[in-house]
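Okay, so here's the structure we're looking at.
The values are calculated or read from the model by the stated rules, or taken from the named source; none is laboratory data. These figures come from a predicted structure and were not determined experimentally. Glycine also receives a Cβ, built like all others from the backbone with ideal geometry; neighbour counts cover every protein chain displayed. Please note that ligands, DNA and RNA were not included when accessible areas were found on the heavy atoms of the full protein model with its side chains. Shrake-Rupley method; radii C 1.70, N 1.55, O 1.52, S 1.80 Å.
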Amino acid sequence: MVSRAKIKELMNESACAHNHDKQKKGGGCDKVKPGLAAGGCAFDGAQISLFPYADAIHLVHGPQTCLGASWETRETKTSYTGQDHTQMGFTTGINTNDVIFGGDKRLSESVDYILENYDPEAIFVYSTCVTALVGDDIDMTCKLSSDKHGIPVVPVHAPGFVGGKNLGSRLAGEAVLENLIGTKEPHFTTPYDINLIGDYNVTGDMWQYLPILEKIGIRVLSSLSGDGRVADVRTAHRAKLNVIVCAKSLVTLCRKMKEQYDIPWISVSFYGKRDTTFAIREIVEALGDPELITKAEIVLAEEEAKLEAKLKPYKEAFSGKKAVLNTGGNKAWSIASGLQDLGIEVVATSIRKSTEDDIAKARDYLGESGVLMKSPASEQAKVIDEKGADILLAGGRSLYTAIKKRISFIDVNQEKKTSYGGYDGLINLAKDLKYAFDNPVFANVAKSAPWKV
């Protein structure tokens, strides 16, 4: 079971830029509010962070409903050529007898069954509210199973009641650090090995910028966790740099890897031309090789020239357009950056799920006249009217607001089917924006019926 001390440590992360001010006032990250399960619990956050490992099996130790409620919460692409274990859900499915007498035996038997019928590189075992409350010792069961079968069986202590999705992601990082990282040596290393942390490869975002890094000569030693492999993660301690991509939830992992393995880390975003270029420059400068920096500038100049030629007709079409962005988190500023690169004015963005760092960046990107919405559900309709917005970019639930206001709409949350990462992703965003602006349905669907005119 995760201890109170561990939760307190993760909620007061020293590597968070905003935390120093909050500590003076007696607190770090926002405290957990009991009952707020909507929007994701700790178990959900842990699964999101670890589920992209397609070569591992993810076993939920709890009632069947825990797996059912969390199943396929976020689509992540994988290039894994073996059996993709994320296509099947695994649960111990504990019952009333297991609650009364303990579910450790059922967990052990479930692991045995998995190893008899499948061939994973590792098994992640997630505790849930019920199994954590009854006190099942998943640490010991996982250790005995690991010794018995000779593969990592990793306990993940993130029952839903301990906190929200962000805390769950940090607890998942703790599990990986304690049980996988540093347990295997890579076949070889290079001076330009990096770990990508926090990019879940939703709709293949990673694949938009990885070819550019490879062209420069930078090798991704491991990814935590988009398109990740367990064997690679075990060697992550040999990287020269950790690159955290738009995900402050795993900042604790970066800080602890710096303390344990002396790996420096930087935080970047690969949304839009400006931030993608800045991110690549940050990486090569952090690696510190003058020849690598020179080569990066040559590659960036070539890529930007190709991008600008493709974007020219879109920029002309988007002249004078205004957008409202309701997605939250780091997207509050990262997607805003991409829109601005296309010549679209972002007049408002949601900061409901953003960190203090994200809020500061959003303010910097939008300027003093930009609206930072704390309660977007109640604010966005009013902002659209006041600012004269032409398009709303948000999750699917906000489509009806766009319809009522007769403006265009694009779904930019994790349910989206198109990648907007990197230079090519910006072109994809431009195409989707053009389709949305040209689509007559948004103007027609909210018109009054002919007999009411």
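Can you run down the residue pairs with Cβ atoms below 8 Å, 6 or more apart or on separate chains, where the first is in segment 278-295 and within 13 Å of Gly217 (Cα to Cα) and the partner is outside any helix (DSSP H, G or I) and open to solvent by 30 Å² or more (accessible area, probe 1.4 Å)?
That search, which allows pairs on different chains as well, returns Leu287/Pro191; Leu287/Tyr192; Leu287/Lys240; Asp289/Pro191; Asp289/Tyr192; Leu292/Tyr192; Leu292/Gly217; Lys295/Gly217.
State all residues of segment 43-74 that are aliphatic (A, V, I, L, M) and at pLDDT 90 or above; if no residue qualifies, say none.
Matches in segment 43-74: Ala46, Leu50, Ala54, Ala56, Ile57, Leu59, Val60.
Is it fair to say Gly226 is at pLDDT below 95, within 24 Å of Asp84 (Cα to Cα) and touching a Phe, Trp or Tyr at 6+ places or on another chain (Cβ under 6 Å)?
yes
Looking only at segment 52-70, filter to residues that are within 21 Å of Asp232 (Cβ to Cβ) and of a type outside the set (A, V, I, L, M, F, W, C); which one of those is surrounded by the fewest Cβ atoms within 10 Å (Cβ to Cβ)?
Asp55
Take Glu303 and decide whether it is buried (at least 17 other Cβ atoms within 10 Å of the Cβ), charged (D, E, K, R), under 20 Å from Asp424 (Cα atoms) and more than 16 Å from the chain's Cα centre (by Cα).
Considered against the rule, which asks whether it is buried (at least 17 other Cβ atoms within 10 Å of the Cβ), charged (D, E, K, R), under 20 Å from Asp424 (Cα atoms) and more than 16 Å from the chain's Cα centre (by Cα), Glu303 comes out as yes.
Only one of Ile335, Ile283, Ile263 is open to solvent by less than 10 Å² (accessible area, probe 1.4 Å), in a loop (DSSP other than H, G, I, E, B) and within 25 Å of Asn195 (Cβ to Cβ); which?
On inspection, the qualifying residue turns out to be Ile263.
On the basis of being modelled with pLDDT of 90 or more and under 23 Å from Lys165 (Cβ atoms), does Thr91 make the cut?
Yes; evaluated as a whole, the condition is true for this residue.
Mind listing whichever residues of segment 301-332 are closer than 19 Å to Ile384 by Cβ and either touching a helix residue (DSSP H, G or I) at 6+ places or on another chain (Cβ under 7 Å) or not in a helix (DSSP H, G or I) (or both)?
Matches in segment 301-332: Phe318, Gly320, Lys321, Lys322, Ala323, Val324, Leu325, Asn326, Thr327, Gly328, Ala332.
Considering only strands (runs of 3 or more DSSP E) fully contained in segment 147-259, which possess at least 2 residues that are of a type outside the set (Asp, Glu) and open to solvent by 20 Å² or more (accessible area, probe 1.4 Å)?
Those strands (runs of 3 or more DSSP E) span 219-224.
Restricting to segment 374-404, name every residue that is in contact (Cβ under 8 Å) with a residue 40 or more places away in the chain and either surrounded by fewer than 18 Cβ atoms within 10 Å (Cβ to Cβ) or in a helix (DSSP H, G or I) (or both).
Scanning segment 374-404 gives Pro376, Gln380, Val383, Ile384, Lys387, Gly388, Gly395, Ser398, Ala402, Ile403, Lys404.
Considering only segment 351-373, how many residues are touching a helix residue (DSSP H, G or I) at 6+ places or on another chain (Cβ under 6 Å) and either in contact (Cβ under 8 Å) with a residue 60 or more places away in the chain or of a type in the set (Asp, Glu) (or both)?
Counting residues in segment 351-373 that are touching a helix residue (DSSP H, G or I) at 6+ places or on another chain (Cβ under 6 Å) and either in contact (Cβ under 8 Å) with a residue 60 or more places away in the chain or of a type in the set (Asp, Glu) (or both) gives 2.
Can you pull out the residues in segment 114-138 that are open to solvent by 70 Å² or more (accessible area, probe 1.4 Å), closer than 20 Å to Val230 by Cβ and assigned to a helix (DSSP H, G or I)?
Glu116, Asn117
For segment 313-327, state whether one or more residues are open to solvent by 20 Å² or more (accessible area, probe 1.4 Å), closer than 30 Å to Lys405 by Cα and among the β-branched types (Val, Ile, Thr).
Yes: segment 313-327 contains one or more residues that are open to solvent by 20 Å² or more (accessible area, probe 1.4 Å), closer than 30 Å to Lys405 by Cα and among the β-branched types (Val, Ile, Thr).
Take Ile359 and decide whether it is out of contact with any Cys (no Cβ under 7 Å at 6 or more places or on another chain), open to solvent by 50 Å² or more (accessible area, probe 1.4 Å) and of a type in the set (A, V, I, L, M, F, W, C).
The answer is no for Ile359.
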